[in-house]
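> Questions regarding the structure given below will be posed in turn.
The values are calculated or read from the model by the stated rules, or taken from the named source; none is laboratory data. Just so we're clear, the structure is a prediction, and the values are computed from it rather than from any experiment. Heads up, the Cβs are rebuilt from the backbone with ideal geometry, glycines too, and the neighbour counts pull from every protein chain shown.
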Amino acid sequence: MIAGSKLEKVIAGGHFAVTGELGPPKSADLTQLRHHAEAMRRHVEAYNLTDNQTAIVRTSSIACGAVLIQMGLEPVIQMTVRDRNRICLQSDLLGAVALGAKNVLCLSGDHQKFGNEPAAKGVFDIDSMQLIKALKDMRDAGKFIGGEALEHPLEKVFIGAVENPFADPFAYRVDRLEKKINAGANFIQTQCIFDLERFKKWMELVRERGLHKRVAILGGVTPIKSLGAARYMKNNVSGITIPDELIARLQGAENKKAEGLKICIETIQQLKEIEGVAGVHIMAIAWEEVVPEIVERAGLYPRPPV
């Protein structure tokens, strides 16, 4: 055990892990966040708390994580390098762990021009790869980026990173994954998987290098609520590929929501059969209430006791 988190224990026990995602609100009212978290309590190991996703101002992911810990639930604290320099990043990491967080996911963050404060200055003092390495050094070597020793090593942190098997150039995606593993990543959550064939090819490259034995890979899935949403992601969201066959399937369905849910469940069932996939990360964006149904219909319920 590195951190002893519930997520780590499930993965270490050889079980197919399940994580969910919660987007903090654009206010200080956490009523809905608490409601969705409680609804998923028995269906996921841990909850990703996004860090001002799509560069839109929201409640702090660390504050929301503290609320989940008070509820007896386990957060995955997302931290982006977009908004903080290395002083603030390291300070927030210390604060998150001090509050009881055991899982941290390191990201670059969506560019500020896409959000509700496009005039904001991006910081990007370090990149996500360097953030992974910094967190590992704080944990394993007990030192800050600048070399000074921590008063006490940052113990018990399960370090996560993200990877996009669908971005171009495809040939370099596995190189990037290996760099993140070398930097210190313990688990990986991928971009939304709609193109299973491309994901399978990526996993073949992962297995050729034995990387699936060095890191836990959780495949990302998102239930599609409408044909319009599918078309928008296909044409406008960088790094997501949606096959024409999937668009046609949704187009021909009488109930688009039900079909989108079915596609998500089928994707999870196929991911379970791919060697090297250690779990699934469910990103039910603005549709969190369907996560328990997805988990149950995908054959992942009840969750293993740890």
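> For residues in region 255-276 being surrounded by fewer than 22 Cβ atoms within 10 Å (Cβ to Cβ) and among the hydrophobic types (A, V, I, L, M, F, W, C), which is farthest from THR190 (Cα to Cα)?
ALA258
> With respect to ALA183, determine if the residue is among the hydrophobic types (A, V, I, L, M, F, W, C), free of Cβ contacts under 8 Å to residues at least 12 places away in the same chain and more than 20 Å from ILE62 (Cβ to Cβ).
no
> Those residues that are of a type in the set (S, T, N, Q) and touching a strand residue (DSSP E or B) at 6+ places or on another chain (Cβ under 7 Å), I need them from region 232-268; list them, please.
Hit for region 232-268 is THR267, nothing else.
> Ok, one more. Just give me the residues in region 146-170 being assigned to a loop (DSSP other than H, G, I, E, B), modelled with pLDDT of 95 or more and within 20 Å of GLY4 (Cβ to Cβ), in sequence order.
LEU150, VAL157
> Within region 120-145, how many residues are without any contact (Cβ under 8 Å) to a residue 40 or more places away in the chain and outside any helix (DSSP H, G or I)?
3
> Determine which single condition ALA149 fails, assuming it passes every other condition in (1) surrounded by fewer than 18 Cβ atoms within 10 Å (Cβ to Cβ); (2) free of Cβ contacts under 8 Å to residues at least 60 places away in the same chain; (3) on the phi < 0 side of the Ramachandran plot; (4) out of contact with any strand residue (DSSP E or B) (no Cβ under 7 Å at 6 or more places or on another chain).
Going through (1) surrounded by fewer than 18 Cβ atoms within 10 Å (Cβ to Cβ); (2) free of Cβ contacts under 8 Å to residues at least 60 places away in the same chain; (3) on the phi < 0 side of the Ramachandran plot; (4) out of contact with any strand residue (DSSP E or B) (no Cβ under 7 Å at 6 or more places or on another chain) one by one, ALA149 breaks only (4).
> Pick from region 79-106 the residues that are aliphatic (A, V, I, L, M) and surrounded by fewer than 20 Cβ atoms within 10 Å (Cβ to Cβ): which of them is farthest from the chain's Cα centre (by Cα)? Show your work before the answer.
Just the residues of region 79-106 that are aliphatic (A, V, I, L, M), to begin with: 79, 81, 87, 89, 93-94, 96-99, 101, 104-105.
Narrowing the set further to residues that are surrounded by fewer than 20 Cβ atoms within 10 Å (Cβ to Cβ) leaves 87, 94, 98-99.
Details: ILE87: 24, LEU94: 20, ALA98: 22, LEU99: 20 Å.
Among residues in region 79-106 that are aliphatic (A, V, I, L, M) and surrounded by fewer than 20 Cβ atoms within 10 Å (Cβ to Cβ), the one farthest from the chain's Cα centre (by Cα) is ILE87.
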